[in-house]
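What follows is a short report on a single structure.
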Amino acid sequence: MKNIVLFGPPGAGKGTQSEKLIEKYNLIHISTGDILRAERAAGTHLGIKANQYIVKGELVPDDVVIGMVKNKIKENINSNGFIYDGFPRTIAQAKALDQLLAEFNISISKMLALEVNEDELTKRLLLRGKTSGRADDQNESTIRNRFKVYNNETLPLIDFYRNQGKFAGINGLNSIDGVFSDLCDNIDKIN
Ligand code: AMP
């Protein structure tokens, strides 16, 4: 079973690449951002609470997202595997994910990190904001805060997975197909 953490800052292309990867490898897409936005659209208590963090570019509390991921894994435990997109975002989330997978006798196969500089990310996010309707993609100060949170809370995960021998960096500035092909090369090496 493949368990792939698709890692990278906001705007790196994780969503775009996830869509292509789930189709090619028949995997389940676990995007905590998508799940939170769906909760908000459905007007649930969780969604409304989470939105208070999302609009500021802050992280939703760990226990909330860990609970959501746990449900999704349980529901799909007999699948070919999972692409984790936008999760884990903190060391606490990564540790919880390891523990959760261990309960099912599985583990993370690889962390594939899309590398893109902040100038390019800002351009991409502002462009996406024009059509996505996402308030957090439309405001430059929110975007800057998302980078700050990413650098402080999320970037340390690279060492977390590197220490487990699971990290691979991918140049996210290539074309969509070029990035996809680099990702596939790495995934094909997983047994
Ligand atoms: P994304 O769609 O991954 O860019 O996520 C959008 C927003 O949802 C983030 O800026 C956070 O506020 C929240 N969010 C998504 N995933 C997580 C997570 N794993 N941990 C905490 N907050 C998250």
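The values are calculated or read from the model by the stated rules, or taken from the named source; none is laboratory data. No experiment lies behind these values; they were computed from the predicted model shown. Note: ideal-geometry Cβ built from the backbone for every residue, glycine included; neighbour counts use all protein chains shown. SASA here: full protein model, heavy atoms, side chains in, ligands and nucleic acids out. Shrake-Rupley method; radii C 1.70, N 1.55, O 1.52, S 1.80 Å.
Numbers at a glance
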item: Residue count, segment 92-117 (criterion: surrounded by fewer than 16 Cβ atoms within 10 Å (Cβ to Cβ) and farther than 25 Å from Met68 by Cα); result: 2
item: Scan of segment 142-164 for residues that are open to solvent by 60 Å² or more (accessible area, probe 1.4 Å) and outside any helix (DSSP H, G or I), ordered by number; result: Leu155, Asn163, Gln164
item: Residue within segment 8-16 that is within 13 Å of the ligand (Cβ to nearest atom), assigned to a strand (DSSP E or B), of a type outside the set (S, T, N, Q) and surrounded by 14 or more Cβ atoms within 10 Å (Cβ to Cβ) present; result: no
item: When residues of segment 92-116 are limited to those that are in a loop (DSSP other than H, G, I, E, B) and of a type in the set (A, V, I, L, M), the one farthest from Ala168 (Cα to Cα); result: Ile106
item: Long-range neighbours under 6 Å by Cβ, at least six apart or interchain, first residue closer than 16 Å to Leu97 by Cα and among the basic types (Lys, Arg) within segment 48-74, second assigned to a helix (DSSP H, G or I) and more than 7 Å from the ligand (Cβ to nearest atom); result: Lys70/Leu100
item: Leading residue by the ranking (nearest to Met111 (Cα to Cα)) among those in segment 17-47 that are among the small types (Gly, Ala, Ser) and touching a residue at least 12 places away in the same chain (Cβ under 8 Å); result: Ser18
item: Condition check for Thr122: away from the ligand (no atom under 13 Å from the Cβ), modelled with pLDDT of 95 or more and not in a loop (DSSP other than H, G, I, E, B); result: yes
item: Count of segment 52-91 residues which are among the aliphatic types (A, V, I, L, M), open to solvent by 50 Å² or more (accessible area, probe 1.4 Å) and outside any loop (DSSP other than H, G, I, E, B); result: 1
item: Lone unmet requirement of (1) of a type in the set (S, T, N, Q); (2) surrounded by fewer than 16 Cβ atoms within 10 Å (Cβ to Cβ); (3) near the ligand (Cβ under 9 Å from one of its atoms) for Ser31; result: (2)
